[in-house]
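The values are calculated or read from the model by the stated rules, or taken from the named source; none is laboratory data. Just so it is clear, the model here is predicted, and its values are computed rather than measured. So basically every Cβ, Gly included, is an ideal-geometry build from the backbone, and we count neighbours across all protein chains shown. SASA here: full protein model, heavy atoms, side chains in, ligands and nucleic acids out. Shrake-Rupley method; radii C 1.70, N 1.55, O 1.52, S 1.80 Å.
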Amino acid sequence: MDKTINQKAWFLVLPVFAVVAFSAILPLMTVVNYSMQDTFGNNQFFWNGVGWFKELLDPSTDLGGRFLASLGRNLLFSAIILAIEVPLGIVVALSMPREGWTVAVCLVILALPLLIPWNVVGTIWQIFGRPDIGLLGYTLNSLGIDYNYVSNEFDAWATVIVMDVWHWTSLVALLCYAGLKSIPDAYYQAAQIDGASRWAVFKAIQLPKMNRVLLIAVLLRFMDSFMIYTEPFVVTGGGPGNSTTFVSIELVKIALGQFDLGKAAALSLVYNLIILIVCWVFYTVMTNAGVERPAKKGGA
Amino acid sequence: MARIDLVDLAHSYGGNAAPPESFALKPVTMTWRQGGAYALLGPSGCGKTTLLNLISGIVTPSRGKILFDGADITPLSTQKRNIAQVFQFPVIYDTMTVGQNLAFPLQNRGVPKAEVEARVKQIADLLDLTPYLGRKATRLTADAKQKISLGRGLVRSDVAAVLFDEPLTVIDPELKWQLRSKLKALHRELDLTMIYVTHDQTEALTFADTVVVMHDGRVVQSGTPAELFDKPAHTFVGYFIGSPGMNIVPAAVSGHEARVDGHTIGLHRNYGVLPAGAKIEIGVRPEFLHVAAPASGLLSATIERIDDLGRARFARVRVGDEKFSARMPPGFSVPDNMVGLVFDPAHVHVYADSRLVEGVA
């Protein structure tokens, strides 16, 4: 094997390396640096070792308590919206027309919420839900339901969840619709001939054919909801109390509200690590699911 | 198991108001007896799959009726028609095992469990799928998958008919032979009415007792393989079936004689009255036409090419502007390319506007 040695290739890699260094590695290292120190402003820093990390994982401290509580809220939030958006998205996709001009209409209507900037979504729902002037809030209160997302924790959660469902179910539905469209007609015809009920068709054909897009949908929705910041911040500001303070909101409070750069840096590293681990788990699951595909193809 | 009657059945994808010539299936009336093995044979786009889908109920006819044992089932849905169908490409329920796939049509109809198991076992045995019964169906090869599709078609014992839509397209040639003879054996074993759609004449002729040849939305002939070979009712049947196909050339026919290129060919039957103004042709299969040394009584021709098919040799010859395929007797060789053509009068047919004219003996 004659390998051509060409050192000029380094010059081709160098620009990418420089960009990645400035955009990712240097900022990350800055955060790592902050996470080991404490500051009282005035650009003065003191060495603190792994102190912040110890506090972070200890619920009895202020920092640890806040972090773990917001993490718990965040996981609960992700679980709830997944439990609603995935089945709802499937139902929406199944009830969409398969051909004709109505397809385009449905697709446009579904895509609309996805096109709205996140802070605008927040603003829409913040006004929509207000008991004094909002259509939703005023109507609910007129019906005798005491609804106020500013003062009632349950109402705040309900508002944030309904908003997320409104904003993102379309994504799940569109992905599922794409999966459904890829099923050849022969499958439905065969199922008809085999006398399959509607439920049997869903279980035996549609769900198995959708499972890959569903996995992608779950991954995207989990990651996104785990990092959610803008919409709940605009609507509830994390309140009432801390009831809708998710990890990213807590992080911004510590970093920019209290200017505790060391604590915030430690928190963001752990936050980052959790996301990386979840990514890795999903990636492994997805590539393992992918291993079966080539085997099937190879056999075919 | 049922007798199937098609009564003036026609279909147009453009709706009933479409011009008659554009119909994918032009009106057809025919009867298929219970327990028969039928093949619908024709080139792509001849309407054979449309006819199959009309019978299974996937497509609703624009006109006409379909009767199963005399009962009109035209308005019934596919589920209610009691039909099994196997498609061109394997349809497999991914999450199920081979056994569950086979049992699926029975379970959906509420067949008792013991009966389902017995029937699945029987079908798996017939199709050599028994070793795979517990395996996930997705991991199998294409031909194993198609066997499962076949199995799902055959598993119900009460079906009116089993329809096959070019089921062996994805199968290797080697396995095609095996599966085809398997199907034939299954037909005898299970006593089901089977209708098999294909564009491959070998498949049709080996599988079916009755072959229905379709062309341009019409049924041009329905008969046994021997009938199609010996007495094609339409010039299309003549050249579509047989390899090489039938020689069909324009001729002037009167009485017991046909004239081609100034040469007279004797006929076995008397063709006294032929439709006026019709295009008259004669057809003769290459098997009943052979080349010989040029002689005064023979139609003289020039050899253009010789196809050696192994078991037989056929010469491509030219007479004026017309081309013929003719059998070359073993050991026959030509010094120059000039030969004479010897016709077998018993197998020369006369066609008026592409349709067979029966002569008088």
Some residue of region A:173-180 being in contact with a Ser or Thr (Cβ under 9 Å, 6 or more places away or on another chain), within 14 Å of another protein chain (Cβ to nearest Cβ), open to solvent by less than 60 Å² (accessible area, probe 1.4 Å) and within 30 Å of residue B:86 (Cβ to Cβ): no
Residue among B:216, B:158 that is at pLDDT 85 or above and acidic (Asp, Glu): B:216
Residue in region A:208-222 that is within 21 Å of residue A:156 (Cα to Cα), assigned to a helix (DSSP H, G or I), more than 14 Å from chain B (Cβ to nearest Cβ) and in contact (Cβ under 8 Å) with a residue 40 or more places away in the chain present: yes
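Do you know which residues across region A:79-117 are part of a helix (DSSP H, G or I) and touching a Lys or Arg at 6+ places or on another chain (Cβ under 8 Å)?
Those that are part of a helix (DSSP H, G or I) and touching a Lys or Arg at 6+ places or on another chain (Cβ under 8 Å): A:81, A:82, A:85, A:86.
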Subset of region B:107-138 (residues that are in a helix (DSSP H, G or I), facing another protein chain (nearest Cβ under 9 Å) and either within 20 Å of residue A:198 (Cβ to Cβ) or acidic (Asp, Glu) (or both)): B:107
When residues of region A:223-242 are limited to those that are part of a helix (DSSP H, G or I) and over 22 Å from residue A:128 (Cβ atoms), the one nearest to the other protein chains (Cβ to nearest Cβ): A:223
Options B:127, B:102, B:163: the member that is surrounded by 18 or more Cβ atoms within 10 Å (Cβ to Cβ) and touching a residue at least 60 places away in the same chain (Cβ under 8 Å): B:163
Filter pass, residue B:20 being modelled with pLDDT of 85 or more and more than 14 Å from chain A (Cβ to nearest Cβ): no
In region B:24-61, residue farthest from the other protein chains (Cβ to nearest Cβ) [restricted to those that are over 23 Å from residue A:189 (Cα atoms) and of a type in the set (D, E, K, R)]: B:26
Check on residue B:77, closer than 25 Å to residue B:27 by Cβ and within 14 Å of chain A (Cβ to nearest Cβ): yes
Contacts under 8 angstrom Cβ, first residue in region B:239-254 being more than 14 Å from residue B:225 (Cα to Cα), partner open to solvent by less than 20 Å² (accessible area, probe 1.4 Å) and hydroxyl-bearing (Ser, Thr, Tyr), 6 or more apart: B:244/B:325; B:245/B:325; B:246/B:235; B:247/B:325; B:248/B:235; B:248/B:351; B:253/B:271; B:254/B:271
Those residues of region A:196-212 which are buried (at least 20 other Cβ atoms within 10 Å of the Cβ) and over 32 Å from the mean Cα position of the chain (by Cα), in sequence order: A:196
Tally of residues being part of a helix (DSSP H, G or I) and open to solvent by less than 40 Å² (accessible area, probe 1.4 Å) across region B:32-55: 7
Residue in region A:42-99 that is farthest from residue A:254 (Cα to Cα), counting only those that are of a type in the set (S, T, N, Q) and touching a residue at least 60 places away in the same chain (Cβ under 8 Å): A:78
Residue check, residue A:192 buried (at least 19 other Cβ atoms within 10 Å of the Cβ) and without any contact (Cβ under 8 Å) to a residue 40 or more places away in the chain: yes
Cross-chain or 6+ apart pairs with Cβ under 6 Å, region B:1-27 first and free of Cβ contacts under 8 Å to residues at least 24 places away in the same chain and over 18 Å from residue B:58 (Cβ atoms), then open to solvent by 20 Å² or more (accessible area, probe 1.4 Å) and of a type in the set (A, V, I, L, M): none
Residue match in region B:58-66 (condition: in the same structural domain as residue B:123 (by TED's automatic domain parsing) and in a helix (DSSP H, G or I)): no
Residue ID - surrounded by the fewest Cβ atoms within 10 Å (Cβ to Cβ), chosen from residues in region B:148-160 that are in contact with a Phe, Trp or Tyr (Cβ under 9 Å, 6 or more places away or on another chain) and part of a helix (DSSP H, G or I): B:149
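With a cut-off of at least 2 residues that are of a type in the set (A, V, I, L, M, F, W, C), open to solvent by less than 100 Å² (accessible area, probe 1.4 Å) and within 28 Å of residue A:239 (Cα to Cα), name the helices (runs of 4 or more DSSP H) lying wholly within region A:1-73.
Details: elements: A:9-20, A:26-35, A:51-56.
In region A:1-73, A:51-56 are the helices (runs of 4 or more DSSP H) which contain 2 or more residues that are of a type in the set (A, V, I, L, M, F, W, C), open to solvent by less than 100 Å² (accessible area, probe 1.4 Å) and within 28 Å of residue A:239 (Cα to Cα).
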Residue check for residue B:311: under 19 Å from residue B:249 (Cβ atoms) and either open to solvent by 50 Å² or more (accessible area, probe 1.4 Å) or part of a strand (DSSP E or B) (or both): no
Answer from A:160, A:121, A:92 - the residue that is of a type in the set (A, V, I, L, M, F, W, C), buried (at least 17 other Cβ atoms within 10 Å of the Cβ) and within 15 Å of the chain's Cα centre (by Cα): A:160
Filter pass, residue B:284 being buried (at least 21 other Cβ atoms within 10 Å of the Cβ) and at pLDDT 85 or above: yes
Filtered residue count, region B:10-31, keeping only those that are within 29 Å of residue B:157 (Cα to Cα) and either more than 19 Å from the chain's Cα centre (by Cα) or surrounded by fewer than 20 Cβ atoms within 10 Å (Cβ to Cβ) (or both): 3
